[in-house]
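Novice: Questions regarding the structure given below will be posed in turn.
The values are calculated or read from the model by the stated rules, or taken from the named source; none is laboratory data. These numbers come from a predicted model, not from an experiment. Cβ coordinates were reconstructed from backbone atoms using ideal geometry, including for glycine residues, and neighbour counts include every protein chain displayed. Quick note on the areas: whole protein, heavy atoms, side chains included, nothing else; ligands and nucleic acids left out. Shrake-Rupley method; radii C 1.70, N 1.55, O 1.52, S 1.80 Å.
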Amino acid sequence: MGSTEMISTEINLGGMDLNLEKKIERLTLLLRLDGELDMHTASMVRQAIDIEIEKRGIRRVILNLQGVQFVDSSGLGVILGRYKKLLPLGGKLKITNVPPHIYKIMELSGLPKIINFYLDEAHAYEEGRGA
Amino acid sequence: MKTNQLILTFSSISENVGITRLLIASVGAQLDLSLNDIEELKVAVSEAVSNAIIHGYKNDPNHIVYLDLEITGDTLKIVVKDEGCGISDVEQAMQPAYSTDPERMGLGFVFMQSFMDELQVDSALEVGTTVTMIKHLKQTPTASH
């Protein structure tokens, strides 16, 4: 239970946009991404996550990538950057719902060897909670 | 033998990276490439153009990036050119995990190399960088030699 807070942020960038849906529950930030993740949108994802880490003390971040249609090394860089930021704080970054063609790019980058991937949000929430 | 050429010159702003992806995707669709091939071309173009803006022009929006798409027979040539700062050591810059920025993975050239059949980088300090990528288009089963 506890306090649940819902924040929805929509960022529209004309044709090539990325929508972010934010949900904060206790110290976990859930971010649902919908759109293209490149150098243009990466900075928005970085800011959206970093502000919660710094101002709210968020230590667990779950990224739902179900709606991501494109990712390149700039997009992967922002994900890896958040992982690196959370690590020394004792935090965790989890990724869920990765579309197959996005996973192929991620696999080539070696990201799945570093960051934990989950089938869906429920599995990501579950792991590490009971222990 | 089909021949086609498209040239796009655009400001070095991040919004334009998505537009270059739309262009290569449209060209790929016109060439009847598979969705997978088109996805790969989009990543390769995105990396080259992002490099030009981020590294070539150091995110200064007041410059011009050149994209040249050329289809000659079964060859697709993509040239991305900037007139920026240039790369001092191209060989080093092309190494996996080489990056001047900890937020980036140093994978731009790795993706370009993986998704294209040929990759050539010509660069001179304070002159600029030209990235030339070639994709050999698969022959359709009915095509004759």
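Novice: With charges set only on the Cβ (+1 for Lys and Arg, -1 for Asp and Glu), what does the dipole of chain B come to about its Cα centre, in debye to the nearest 20?
Specialist: Working: 9 positive and 20 negative charges, 74 e Å.
The calculation lands at about 360 debye.
Novice: Roughly how much of residue A:117 is accessible, in Å² to the nearest 10, using a 1.4 Å probe?
Specialist: In the full protein context, residue A:117 sits at about 60 Å².
Novice: Suppose we flag trypsin sites (Lys or Arg not before Pro) only when DSSP calls them loop and at most 12 other Cβ atoms lie within 10 Å. Which is the longest uninterrupted stretch of chain B?
Specialist: No qualifying site falls inside B:59-145, the longest such stretch.
Novice: I would also like to ask the following. Quick one: divide the alpha-carbon radius of gyration of the protein assembly as shown by 2.2 N^0.38 Å and tell me what you get. Kindly include the intermediate steps, with their values, before the conclusion.
Specialist: Values: Rg = 19.9 Å, N = 276, 2.2 N^0.38 = 18.6 Å.
In units of the 2.2 N^0.38 Å rule of thumb, it is 1.07.
Novice: Let me ask something else. Have a look at the DSSP beta bridges in the stretch A:4-120 and tell me what percent are antiparallel, nearest 5. Don't skip to the end; give the middle numbers.
Specialist: On the way: 14 of 31 bridges.
Bridges in the stretch A:4-120 that DSSP calls antiparallel: roughly 45 percent.
Novice: Here's a follow-up. If r is the Cβ-Cβ distance from residue A:43 to residue A:122 and R0 is 35 Å, what FRET efficiency results, to the nearest 0.05? Intermediate values should be presented prior to the final figure.
Specialist: Values: r = 30 Å, r/R0 = 0.85.
The formula returns an efficiency of 0.70 here.
Novice: Please compute the net charge surrounding residue A:118, taking Lys and Arg as +1 and Asp and Glu as -1 over other residues with Cβ under 10 Å from its Cβ. Before the final figure, lay out the partial values.
Specialist: Values: positive: A:94; negative: A:120, A:121, A:126, A:127.
Result for the neighbourhood of residue A:118: -3.
Novice: Which order do you get for A:25, B:47, B:126 if you rank them by accessible area with a 1.4 Å probe, largest at the top? Walk me through the intermediate numbers first.
Specialist: Working: A:25 40, B:47 0, B:126 145 Å².
Listed by decreasing accessible area, they come as B:126, A:25, B:47.
Novice: When only alpha-carbon atoms count, how far does the stretch B:3-144 stretch along each of its three principal axes, as whole angstroms with the largest first?
Specialist: 47, 29, 25
Novice: Mind listing the phi-derived Karplus ³J(HN,Hα) values for the stretch A:65-76, rounded to whole Hz, using 6.51, -1.76 and 1.60 with θ = phi - 60°, and x for any glycine or proline?
Specialist: Karplus values, whole Hz, x for Gly and Pro: 9, 3, x, 7, 9, 8, 9, 10, 5, 5, x, 5.
Novice: Heavy-atom accessible area of residue A:86 with all protein chains present, probe 1.4 Å, nearest 10 Å²?
Specialist: My reading of the accessible area for residue A:86 is about 0 Å².
Novice: Given the rule -39500 (n - 2.57) for each run of at least 4 DSSP H residues, summed and divided by the residues of the protein assembly as shown, what is its mean residue ellipticity at 222 nm, to the nearest 500 deg cm²/dmol?
Specialist: Working: 8 runs with 93 residues, N = 276.
When only DSSP H runs of four or more count, the value is -10500 deg cm²/dmol.
Novice: Got a number for the accessible area of residue B:88? Probe 1.4 Å, square angstrom, nearest 10.
Specialist: For residue B:88, solvent-accessible area is about 100 Å².
Novice: Right, here's the next one. Please name whichever of B:136, B:79, B:29 sits farthest to the positive end of the charge dipole of chain B, dipole taken about the Cα centre and charges placed at Cβ: Lys and Arg +1, Asp and Glu -1.
Specialist: B:29
Novice: Let me ask something else. Which lysines, if any, have their Cα less than 18 Å from the Cα of residue A:94, not counting same-chain residues under 8 positions apart?
Specialist: A:22, A:23, A:84, A:85, A:104, A:113
Novice: Chains A and B: buried accessible surface, both sides, probe 1.4 Å, rounded to 100 Å²? Write out the running numbers ahead of the final one.
Specialist: Details: alone 7190 and 8260 Å², together 13420 Å².
Roughly 2000 Å².
Novice: How large, in percent, is the carbon and sulfur part of the accessible surface of chain B at a probe radius of 1.4 Å?
Specialist: Details: 3790 of 7270 Å².
That fraction is 52 percent.
Novice: Probe of 1.4 angstrom, ligands and nucleic acids ignored: what's the accessible area per residue over the protein assembly as shown, in square angstrom? Each step should come with its number before you reach the end.
Specialist: Details: 13420 Å² over 276 residues.
Per residue, the protein assembly as shown has 49 Å² of solvent-accessible surface.
Novice: Tally Lys/Arg at +1 and Asp/Glu at -1 over every other residue whose Cβ is under 11 Å from the Cβ of residue B:85; what's the total?
Specialist: Details: positive: B:58; negative: B:60, B:82, B:83, B:126.
Charge balance in the 11 Å sphere: -3.
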